[in-house]
Ligand SMILES: Nc1ncnc2c1ncn2[C@@H]1O[C@H](COP(=O)(O)OP(=O)(O)O)[C@@H](O)[C@H]1O
Ligand SMILES: [Mg+2]
């Protein structure tokens, strides 16, 4: 479903060229849930932005659903969730979720039906008329997820969607996301800095190196589904998966830190 081939990305400023992504290649099968982890600044958000067509790679190609992604043309059936929730504060929950459907010109009755169904899916039934400021962080992030799901994306790109939430709320949302994903079967690429989260949710975890980044590990998470996100954490198998990834990720964190220190000393 997704094919990333020898993608690199440099950011140019008037004084220098920063290579965020060195050479990254990987594929994601239809319906697969893949997480991308790596040190801060290794180009994870950059990679998602290029997949979403918001910026162009410096070199390499990205295909989604068999079509090359072209800068500025959002691929069909793509949904994107940013780290900061993108809920509109002056609209009710219901109107926020309906927004994309209105753009697509769906009849009012179909919109109401879809919004009702989605609210049930994310345990938000009864919250339709609330305003975003009346919701907790976790509820707002659920609404952001539903806004994206309303347009029935086949591919979901998630950039640290739970980064700002406390761990309890986060795990509840993990459970809900897995339930929704198991029902709807999207292809998911999620960026996260939380290794436990990556292992809990994913079929595969891809580790990027310190910048200029490349893939240093493509780890298959061999935990059966459906997964109980709370019970899972106690299991030896969970710990084994986390440790196998950390052995590589921890090294890259240190490499990124050492490089940042080096740059400070030069400056
Ligand atoms: N628009 C931009 N202009 C210049 N540099 C950028 C821009 N966006 C990101 N960068 C730089 O590119 C590198 C990768 O950024 P990013 O993709 O946000 O990393 P991550 O999401 O892995 O933390 C960082 O060094 C960042 O400062
Ligand atoms: Mg980022």
Using a basic spin-label model with each label point 7 Å from the Cα along Cα→Cβ, how many nm lie between residue 243 and residue 74? 4.4 nm
In nm, to one decimal, how far is the residue 193 label point from the residue 220 one, both placed 7 Å along Cα→Cβ? 3.1 nm
Förster-model FRET efficiency, 45 Å R0, residue 40 and residue 108, C-beta, rounded to 0.05: 0.50
Chain lengthening between residue 86 and residue 61 when straightened (0.36 nm per residue, less Cα-Cα): 6.2 nm
Per-selection metrics, the chain (Cα): Rg and Dmax in Å: 19.1, 63
Modelled FRET efficiency - R0 22 Å, residue 17 with residue 260, Cβ distances, 0.05 increments: 0.80
Correct semi-axes for the stretch 50-137, from √(5λ) of the alpha-carbon gyration tensor and rounded to whole Å with the largest first, are 31, 16, 11
Give me the one-decimal nm value for the distance between modelled label points at residue 166 and residue 25, 7 Å along each residue's Cα-to-Cβ direction. 4.6 nm
With Cα springs under 10 Å, the Gaussian network model of the chain assigns the largest mean-square fluctuation among 155, 28, 36 to 28
Could you tell me the calculated FRET efficiency between residue 151 and residue 5, based on Cβ-Cβ distance and R0 = 22 angstrom, to the nearest 0.05? 0.20
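Read the figures in this text as sums done on the coordinates, not as results from a lab. Because the structure is predicted, anything quoted here is derived from the model rather than measured. Virtual Cβ from ideal backbone geometry, glycine too; neighbours counted across all protein chains shown.
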